[in-house]
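Only one structure is covered here, and it is reproduced in the block below.
The values are calculated or read from the model by the stated rules, or taken from the named source; none is laboratory data. None of the values given here were measured: they were computed from a predicted structure. Glycine gets a Cβ as well: all are built from the backbone with ideal geometry, and neighbour counts include every protein chain shown. SASA here: full protein model, heavy atoms, side chains in, ligands and nucleic acids out. Shrake-Rupley method; radii C 1.70, N 1.55, O 1.52, S 1.80 Å.
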Amino acid sequence: MNRSCRPWRDGNALAMRDHAFQIRQAVLQDSDQILACLQAAFAPYKHLYTAAAFADTVLDSLAVKTRMQRMHMLVATVGNQVIGTVSASLCDEHEGYLRGMAVLPEYQSSGVAKNLLRAIEQWLQESGCNRATLDTTLPLARAMKFYEKNGYERSGRTTDFFGMTLIEYAKDL
């Protein structure tokens, strides 16, 4: 059993516990599994979200297809199963915005999220970005620690997200 993960490489499988996962660009056929991944990852926090904020976070079938058209979306897969996802868009020629990071609960703390983050940051850098931002909510303390561990810092900017506080994080790439 190989417990170490190599840095992300497009199209290469990564060893993780007893599974090998791969990171690739999402395709339309992944839509239902992406929705299931978002639902499962955020379900423990549903009671801490407003109904509108939760719906905007976990999406619906139309919203995931729209996100795929407007953003660069990656998925982590084991075989044919989507186990994680993240998206990014270009805000301007030098800054990118991350959205919708989620990993199935049984794959959390396994390296999937870290490799998804590296992969989407690599895409942003290749697209000319030297800075990435993302937003998260107060109930997601574990996610905030993850982002901080991976070089993101609170920018000091907060906004309203359907009645919840949205906290911006930023990182120089």
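Which count do you get for residues in region 1-30 that are modelled with pLDDT of 95 or more, of a type in the set (A, V, I, L, M, F, W, C) and open to solvent by 80 Å² or more (accessible area, probe 1.4 Å)?
Residues meeting the conditions: 1.
Considering each residue of region 44-56, count those that are touching a residue at least 60 places away in the same chain (Cβ under 8 Å), more than 15 Å from V103 (Cα to Cα) and open to solvent by less than 80 Å² (accessible area, probe 1.4 Å), and give that number.
Summing the residues that are touching a residue at least 60 places away in the same chain (Cβ under 8 Å), more than 15 Å from V103 (Cα to Cα) and open to solvent by less than 80 Å² (accessible area, probe 1.4 Å) in region 44-56 gives 5.
Could you please find all residues in region 32-63 being of a type in the set (A, V, I, L, M, F, W, C) and over 16 Å from the mean Cα position of the chain (by Cα)?
Narrowing region 32-63 to residues of a type in the set (A, V, I, L, M, F, W, C): 34-38, 40-43, 48, 51-55, 58-59, 62-63.
Listed by number, the residues that qualify are L48, A51, A52, A53, A55, L62.
Pick from Q81, Q33: which is modelled with pLDDT of 95 or more, within 26 Å of T137 (Cα to Cα) and of a type in the set (S, T, N, Q)? Give the derivation first.
Details: Q81 fails: within 26 Å of T137 (Cα to Cα).
Going through Q81, Q33 in turn, just one is modelled with pLDDT of 95 or more, within 26 Å of T137 (Cα to Cα) and of a type in the set (S, T, N, Q): Q33.
Just to confirm my filter: which helices (runs of 4 or more DSSP H) fall fully inside region 61-173 and include at least 2 residues that are crowded, with 18+ Cβ neighbours inside 10 Å and in contact (Cβ under 8 Å) with a residue 60 or more places away in the chain? Talk me through it step by step, then tell me what you get.
On the way: elements: 61-70, 112-126, 141-149.
The qualifying helices (runs of 4 or more DSSP H) are 112-126.
Six or more apart or on different chains, Cβ under 6 Å: which pairs go from a residue in region 24-43 that's within 12 Å of L116 (Cβ to Cβ) and part of a loop (DSSP other than H, G, I, E, B) to one that's open to solvent by less than 20 Å² (accessible area, probe 1.4 Å) and among the hydrophobic types (A, V, I, L, M, F, W, C)? Could you list them?
Matching pairs, first to second residue: A26/M73; A26/V75.
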